1. If you take the residues of region A:26-46 that are in contact with a strand residue (DSSP E or B) (Cβ under 8 Å, 6 or more places away or on another chain) and more than 8 Å from every other protein chain (Cβ to nearest Cβ), which of them is farthest from B:Met154 (Cα to Cα)?
2. Counting only residues that are charged (D, E, K, R), touching a residue at least 24 places away in the same chain (Cβ under 8 Å) and outside any strand (DSSP E or B), which one in region A:201-221 is nearest to the other protein chains (Cβ to nearest Cβ)?
3. Condition first: surrounded by fewer than 22 Cβ atoms within 10 Å (Cβ to Cβ) and out of contact with any Lys or Arg (no Cβ under 7 Å at 6 or more places or on another chain). Now tell me which residues in region A:27-41 satisfy that.
4. Being at pLDDT below 95 and of a type in the set (A, V, I, L, M, F, W, C): is that true of A:Met103 here?
5. Which one of B:Asn12, B:Asn5 is within 8 Å of another protein chain (Cβ to nearest Cβ) and out of contact with any helix residue (DSSP H, G or I) (no Cβ under 8 Å at 6 or more places or on another chain)?
6. Looking at A:Ile2, is it in a loop (DSSP other than H, G, I, E, B) and either of a type in the set (Val, Ile, Thr) or surrounded by 22 or more Cβ atoms within 10 Å (Cβ to Cβ) (or both)?
7. For the structure I just gave you, tell me whether A:Glu48 is without any contact (Cβ under 8 Å) to a residue 24 or more places away in the chain and within 17 Å of the chain's Cα centre (by Cα).
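The values are calculated or read from the model by the stated rules, or taken from the named source; none is laboratory data. Remember, it's a predicted structure, so these values are computed and weren't measured experimentally. Glycine gets a Cβ as well: all are built from the backbone with ideal geometry, and neighbour counts include every protein chain shown.
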2 protein chains.
Amino acid sequence: MIDKNKIIEAFNYRHACKVFDAGKKISSEDFSFILETARLSPSSFGFEPWKFLIVQNADLREKLKLVVWGAQGTLPTASHFIVILARKQKTMHYSSQYIKHMMQDVHHLSDDVIKKRGGFYKIFQESDFNLLESERAMFDWSSKQTYIALANMMTSAAMIGIDSCPVEGYRAKEMEKLMTDEFGINNNEFGVTCMVAFGYRVDEQKNKTRQEIDEIIQWFH
Amino acid sequence: MIDKNKIIEAFNYRHACKVFDAGKKISSEDFSFILETARLSPSSFGFEPWKFLIVQNADLREKLKLVVWGAQGTLPTASHFIVILARKQKTMHYSSQYIKHMMQDVHHLSDDVIKKRGGFYKIFQESDFNLLESERAMFDWSSKQTYIALANMMTSAAMIGIDSCPVEGYRAKEMEKLMTDEFGINNNEFGVTCMVAFGYRVDEQKNKTRQEIDEIIQWFH
C-alpha cells in the first residue's frame, strides 16, 4: 500500500519536460525499474504488442532529430530516449505465428484454452470493430496498448523523481524509412507509435492545467 | 519519492480481476483519488480528449451486460464501473470550438501562443499521420490518449490495494445505440473507447506471465 498523497504528488510532479540536464544520467537500476513497469503493463488479451528501442547512440539521436520535430530539446539532452514500436497486422492477426507463440510459450496455455481464447480473439478482430478493415485499424489498436506502457513508465519515473516527455510529433514516412535503414526494424512487423524521453529537469515546471473533475466525469446512479 | 519495490509490488498485484466481491464498496475518498489520477493524466497537446461515465445504476449495468461480453463477471460485481469515452473529429478537429476552449479557458494561453500552438496542431493533423483521413483515424488517435488515463487509474488503484479489470470486448454498434438512448451521449462528439471496472478481488490472481525484458527491448548504444 502506498500513500495516496504521495501518489498524487508524483502525478503533479510529472510534466512534459522539454529540456533535460544533459549532464545527469539515470542510474542503470532506476532505468531498469522504469522498463520493468512497461514490461508488467497490461495489454489486450495479454499479447504485449510492443517493442522499446532505447536510443543512446549520439549519431542515431542526430538522425532522429531531423525527423522528430517534437523532440528537439529532449533528443540532445535526455539521459535515455525510447522509441516505442507497436505490432502490425502481420503479427497481430488472429492467425499469426506471434499470437500462437504468445499463448503457447508465454501464457503457457493448454491446447484447449488456446483454441477457445484464439476463437474469442478471432471474433474480436472480425467484430464490428473491424480491426481487419485496414492495416491502420489494426496498428492503431496495437498502438493504444503501447500507451498503457507509456503511461506506466512516465508515472513510475515521476514517483522516483525522474522527469519525462512523451513525443508524438514526427514525420511518419521519413521515420519509417529511418527505422528500416538505421534501426533494422521490419516495417511489416512494427511501426513507430510514439516516443518518450527520460532525464532530469533543468527548468521549473509550469503550472499544471486541467479541466475540473466535474467537466470530465458523469455519474449514473 | 516512493520506494521502487513498493511500486513494482503494485504492478504485480494488478491483474485483470474478472469477478469482484459484490459486497465490498470502494470508499468515496479512494474512488475520488482514482479519478484524480485520470484527470491529471497527460494527453497529446494537453487536449484531454476524454470523458468518464461512472455507471452505478443497476438497470444501466444490466443493459451494458447485454452488449459488453468482456464484462460479464465484473458488471454485476464491480464496486465502480467506468465507461471511457474519447472525443471524435467534430470536437478534436483543429478548427473546433472545443480545441479553442481548451487553449483559451483551460490552458490560459495568450492569443499569440494560441495562434502558434493551434498552427502546430493543424500541421500535426494534416501531416502524413493523416488524422483527417477518416473519422476512425481521429477517433483512434483520441482513444490512444484515453489509454494513458486508463493505465494510470489501474496502476494507482493497485497501489492502494484496489483491483481492476480493463474491458475492450463489446458489440460496438449496439454500444453506440445504448450510449445515445440510455446515457444521452452525442455520438458525433464522443465514442466508447474502453471500460474499466474497480472493486475487490474474491479469487486469488493467477501467475503473471510476460515476455522477458530482453524480448521487448533493444539497445542502441
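1. Result: A:Ile26.
2. Result: A:Lys208.
3. A:Ser27, A:Ser28, A:Glu29, A:Asp30, A:Phe31, A:Ser32, A:Leu35, A:Glu36
4. So A:Met103 fails the test.
5. B:Asn12
6. Taking the combined requirement at face value, the residue satisfies it.
7. On the way: without any contact (Cβ under 8 Å) to a residue 24 or more places away in the chain: no; within 17 Å of the chain's Cα centre (by Cα): yes.
The answer is no for A:Glu48.
Conditions tested, residue by residue: (1) of a type in the set (Lys, Arg); (2) surrounded by fewer than 21 Cβ atoms within 10 Å (Cβ to Cβ); (3) out of contact with any Phe, Trp or Tyr (no Cβ under 8 Å at 6 or more places or on another chain).
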| position | (1), (2), (3) |
| --- | --- |
| A:Trp69 | no, yes, no |
| A:Gln72 | no, yes, yes |
| A:Pro76 | no, yes, yes |
| A:Phe81 | no, no, no |
| A:Ser96 | no, yes, yes |
| A:Lys100 | yes, yes, yes |
| A:Leu109 | no, yes, yes |
| A:Lys116 | yes, yes, yes |
